[in-house]
1. Restricting attention to helices (runs of 4 or more DSSP H) lying wholly within region 52-159, give those where 3 or more residues are of a type in the set (A, V, I, L, M, F, W, C) and in the same structural domain as residue 340 (by TED's automatic domain parsing).
2. Report, ordered by the first and then the second residue, all pairs with beta carbons closer than 7 Å, sequence separation of six or more or different chains, a first member in region 123-134 that is without any contact (Cβ under 8 Å) to a residue 60 or more places away in the chain, and a second member that is assigned to a loop (DSSP other than H, G, I, E, B).
3. Out of region 335-362, which residues are within 16 Å of the ligand (Cβ to nearest atom) and in contact with a helix residue (DSSP H, G or I) (Cβ under 8 Å, 6 or more places away or on another chain)?
4. Residues in region 234-271 that are within 25 Å of residue 35 (Cα to Cα) and among the aromatic types (Phe, Trp, Tyr): how many?
5. I'd like to check something: does region 178-192 contain any residue that is assigned to a helix (DSSP H, G or I) and either without any contact (Cβ under 8 Å) to a residue 60 or more places away in the chain or not basic (Lys, Arg) (or both)?
6. Can you run down the residue pairs with Cβ atoms below 8 Å, 6 or more apart or on separate chains, where the first is in region 440-460 and farther than 16 Å from residue 427 by Cβ and the partner is among the hydroxyl-bearing types (Ser, Thr, Tyr) and in a strand (DSSP E or B)?
7. Quick one: count up the residues across region 223-275 that are within 16 Å of the ligand (Cβ to nearest atom), surrounded by 14 or more Cβ atoms within 10 Å (Cβ to Cβ) and assigned to a loop (DSSP other than H, G, I, E, B).
8. In region 410-455, which residues are among the small types (Gly, Ala, Ser) and under 32 Å from the mean Cα position of the chain (by Cα)?
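The values are calculated or read from the model by the stated rules, or taken from the named source; none is laboratory data. This structure is a prediction, so every number in the text was calculated from the model and none was measured. Cβ: placed from backbone, ideal geometry, glycine included. Neighbour counts: every protein chain shown.
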Amino acid sequence: MKHFFYSLLIVVFFPLVASAQENNLHHQSSTYQWPTDPQVKAKLDNWQDQKFGVLVHWGLYAVSGIIESWQICSESWIERDSTMTYDEYKKWYWDFSKVFNPTKFNPEQWAQAAKDAGMRYAVFTTKHHDGFCMFDTKQTDFKITNGPFSANPRADVAKYVFQAFRDKEFMIGAYFSKPDWHSQDFWWSKYATPDRNTNYDIRKYPWKWNRFKQFTYNQISELMHNYGSIDILWLDGGWVRPLETVTDEVRGWGAAIPAWNQEVDIPRIAKMSREVQPGLLVVDRTVAGPYENYQTPEQAIPAQALDHPWESCITLGNAWGFVPNDQYKSPTKVIHKLIEIVAKGGSLLLGVGPRPDGMVELSEVKILKEIGDWMKVNGAAIYGTRISKVCRDENTFFTQSKDGKTQYALVCLPEGKVVPKTVEWKGDLPKKGAKMKFIANGTTVKWTITGDKVIVMVPASFAKKSEYPALAFSF
Ligand code: GLC
């Protein structure tokens with residue numbers, strides 16, 4: 001019965017929520033400030049070589065397979081079951097903490113699937129907006145180490161997630177939500193909670209807000225001290241920001257914006273964090289300045305190539321977290337996005353949400369594997385590359401090696417179509433007499449220039465293949 005109820009909830013409400021999510025997307029800041037700390041600069045350059053990562057959303061929302069956290073926020077774009085009052089709904093949601101028991105918790109399976117996809121860095125939700133901690137914090141009892149899973153030897157989930165990815169040589173990112181809707185110092189039960197912001201005027205209760213700042217500092221300090229080496233601190237919830245950074249542009253993004261200063265003192269947090277984790281990349285999303293070491297457009301790809309570091313976070317399905325029967329993007333679609341992103345100078349952080357039992361759905365593993373089959377043989381045109389002088393010509397995208405000596409052309413082919421015998425592009429053309437190689441099998445290919453375009457013969461072993469995501473050439 002309970003199951004049926006959940007499914008009904010999902011079928012009826014999920015599409016509404018998904019389609020209204022524009023209110024909730026983090027946009028791209030319009031300015032970028034390069035870091036000056038040499039260790040941060042070095043890590044940033046190393047991170048820019050990785051190109052493809054996984055963003056794992058896993059928390060209470062997996063229990064019922066609903067949108068992560070937002071279902072308990074009272075903004076009008078969010079639909080929820082109206083047979084429960086808002087307060088009942090919140091209680092229903094908070095109570096997942098009493099049943100969340102991922103007995104099949106298997107971060108090694110996640111890491112293997114990500115590795116097989118060709119991913120090289122991982123970001124994990126240590127705490128989402130709902131405030132439920134996936135690590136053993138001492139600052140609250142609202143955590144995975146305090147429920148039915150507490151007796152499990154791997155109850156301190158974040159530790160084992162980071163370790164599983166580290167063992168496979170991934171760079172490690174800790175996602176942390178600045179807003180915390182479970183904290184009495186953020187959403188105070190004295191008042192209603194009308195939107196995503198603090199529900200009390202922090203100018204009137206500075207002691208309360210200061211306590212929240214200290215709580216945030218302490219939690220991030222725990223993550224920095226007790227969870228091994230961390231490369232990225234990925235701070236979500238950009239509406240929690242210093243009031244002076246709320247520009248007209250930020251207002252234009254459409255999210256409920258704070259009426260008062262909600263800054264949590266990121267400079268202090270970053271200083272402490274970098275003392276423990278030298279060179280740490282701090283990604284204070286959308287808060288342009290020294291603590292947004294790379295930009296993070298969400299579910300979107302910038303129109304042009306950018307010569308500063310950035311990353312698109314995009315879901316594999318429609319949601320960040322696990323939603324039963326979610327629809328996933330095809331391997332080809334993901335590969336095409338990755339190619340476009342890399343040619344524009346960014347990285348792709350692909351969203352995957354493990355099931356409430358602790359495993360990633362096998363249908364997703366299969367898609368990741370197929371992405372990896374392409375990456376394995378074509379990775380030379382992706383990893384460690386930088387933007388070329390021309391970014392694209394229609395469906396062909398260009399990258400180049402860091403030393404600028406090798407050019408790459410990636411021709412995205414339409415899904416479900418036979419591979420043609422020849423392909424052609426304008427823009428980045430081989431120099432006279434240059435040798436061109438087909439990357440997937442290392443063979444040299446024939447090419448000719450006609451007017452302003454190059455025509456390239458596709459090797460016989462690939463021409464007429466029933467389909468292939470993209471052909472990569474070097475010259
Ligand atoms: C947005 C959403 C959040 C999600 C994140 C992932 O910030 O608020 O729910 O976790 O994007 O990029």
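1. Fully inside region 52-159 and qualifying: 107-117.
2. Every condition considered, the pairs that remain are 131/142; 131/180; 131/181; 131/182; 131/183.
3. Matches in region 335-362: 347, 348, 350, 352, 353, 354.
4. The number of residues fulfilling the criteria is 2.
5. Looking for residues that are assigned to a helix (DSSP H, G or I) and either without any contact (Cβ under 8 Å) to a residue 60 or more places away in the chain or not basic (Lys, Arg) (or both), one finds none in region 178-192, hence no.
6. 457/422; 458/422; 459/443
7. 12
8. 416, 427, 440
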